[in-house]
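Working notes, structure below.
The values are calculated or read from the model by the stated rules, or taken from the named source; none is laboratory data. This is a predicted model, so every value here is computed, not measured. Reconstructed Cβ throughout: ideal geometry from the backbone, glycine too, with neighbour counts over all protein chains shown. Note: accessible area is taken over every heavy atom of the protein model, side chains too, but ligands, DNA and RNA are not part of it. Shrake-Rupley method; radii C 1.70, N 1.55, O 1.52, S 1.80 Å.
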Amino acid sequence: MANVSDKAEKKESAIWETVKVIIQALILALVIRSFLFQPFSIPSGSMMPTLLQGDYLFVSKYAYGYSRYSFPFSPDLFSGRIWSGEPKRGDIVVFRFPPDPKIDYIKRVVGLPGDRIRMKGGVMYINDTPVQRERAGEFNPRAHGVNDNPAAVFHETLPNGVSYDTLDEFPNGPGDDTREFLVPEGHYFMMGDNRDNSADSRFTVGFVPEDHLVGRANIIFFSISGGASPLEIWRWPSELRLGRFFSSAEG
């Protein structure tokens, strides 16, 4: 029969094995989050109709290389980006809010370095050329469990062929007519698809430095409406938006 000492040693060994497994899992999760994919939730309606409040998506961290903001707590280990990749016009990007880099934002890239961007009568102009824009019906957020007002849908096509839908809740909004913005080198101009309800580069965000880019929106892996938390499992039967599961986050 095993003595008391043997039983204590086996128990201690089992506990240590469990601790090692937990540590290894945490390290693996940290590596995946830092270098591959980071989960991100949509907190507002600024990217409707492409992304809805309550969407949860994966952001590919490797798409644009890595900066200090790619890692938890943003350690000041190096400047600029390493293995840098450039965003394409039309990419949906998670980035750090330039006035306060502790805050994550998500918008669409519409202006590249050297571009001249302005809004005129609700139409976006890139380098003096109006972006193709066609009326495409109406969007009712409440049908998707989002408490917001219906808005006209316009299908927009950028010069590189990327197409997506935008919302125009009311004419002559504060962002429908702007000055011309000249995008500096090493910076990008971001706009939300919900044009009348988006704090973006037309307003407080300003130009976004390339080292503030976190990653490119990739896949919606979970979506729940009504302001419900994913942990409120009892609300899943009525609030899950199953049709959005594992759909593209790019519109």
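By the scheme Lys and Arg +1, Asp and Glu -1, what is the net charge of all other residues having a beta-carbon under 12 Å from that of residue 180?
Around residue 180, the charge tally is +2.
For segment 73-175, just run the numbers: alpha carbon Rg, then divide by 2.2 N^0.38 Å, N being how many residues it has. Don't skip to the end; give the middle numbers.
Numbers: Rg = 16.8 Å, N = 103, 2.2 N^0.38 = 12.8 Å.
Against the empirical 2.2 N^0.38 Å value, I get 1.31 for segment 73-175.
What is the Cα centroid distance between segment 219-251 and segment 160-189, reported in whole angstrom?
Cα centres, segment 219-251 to segment 160-189: 28 Å.
Please pull out the direction-averaged projected area of the chain, using the convex hull of its alpha-carbon atoms, in nm² to one decimal place.
Average projection, Cα convex hull of the chain: 18.2 nm².
For segment 183-251, would you read off the P(r) tail past 15 Å as a percentage of all alpha carbon pairs?
It works out to 68 percent of all Cα pairs.
Can you tell me what percent of all Cα-Cα pairs in segment 145-212 are more than 18 Å apart?
48 percent
Name the residues whose placed amide hydrogens come within less than 5 Å of the amide hydrogen of residue 194, ignoring near sequence neighbours (fewer than 5 apart) on the same chain.
The answer is 47, 48, 167.
From the phi angles alone, apply the Karplus equation (6.51, -1.76, 1.60; θ = phi - 60°) to segment 65-80 and give each ³J(HN,Hα) in whole Hz, x where the residue is Gly or Pro.
x, 10, 10, 4, 7, 7, 10, x, 6, 6, x, 7, 8, 7, 9, x
Each residue of segment 240-249 in turn: what ³J(HN,Hα) in whole Hz from Karplus with 6.51, -1.76, 1.60 and θ = phi - 60°, glycine and Pro shown as x?
5, 9, 4, x, 9, 4, 6, 9, 5, 8
Loop-only trypsin sites (Lys or Arg not before Pro) in segment 160-251, please: DSSP not H, G, I, E or B, and at most 14 other Cβ atoms within 10 Å.
Answer in residue order: 179.
Report the relative contact order of segment 137-251, percent, no decimals, based on alpha-carbon pairs under 8 angstrom and at least 6 residues apart. Can you show the working numbers first?
Numbers: 159 pairs, mean separation 22.8, N = 115.
Value for segment 137-251: 20 percent.
Between residue 124 and residues 5 or more places away or on another chain, which pairs have amide H atoms under 5 Å apart, with H built 1.01 Å from N, and which residues are they?
Placed amide hydrogens put 131 under 5 Å from residue 124.
Show me 121-131, 48-58 ranked by packing, highest mean number of other Cβ atoms within 10 Å first.
Values: 121-131: 14.5, 48-58: 22.6.
Ranked from most to least packed, the peptides come out as 48-58, 121-131.
Carbon-plus-sulfur fraction of the accessible area of the chain, 1.4 Å probe, in percent?
59 percent
If you count only protein heavy atoms with a 1.4 Å probe, what accessible area per residue comes out for the chain, rounded to a whole Å²?
That works out to 52 Å² per residue.
On the full set of protein chains, 1.4 Å probe, figure out the accessible area of residue 36 and give it in Å² to the nearest 10.
It works out to around 80 Å².
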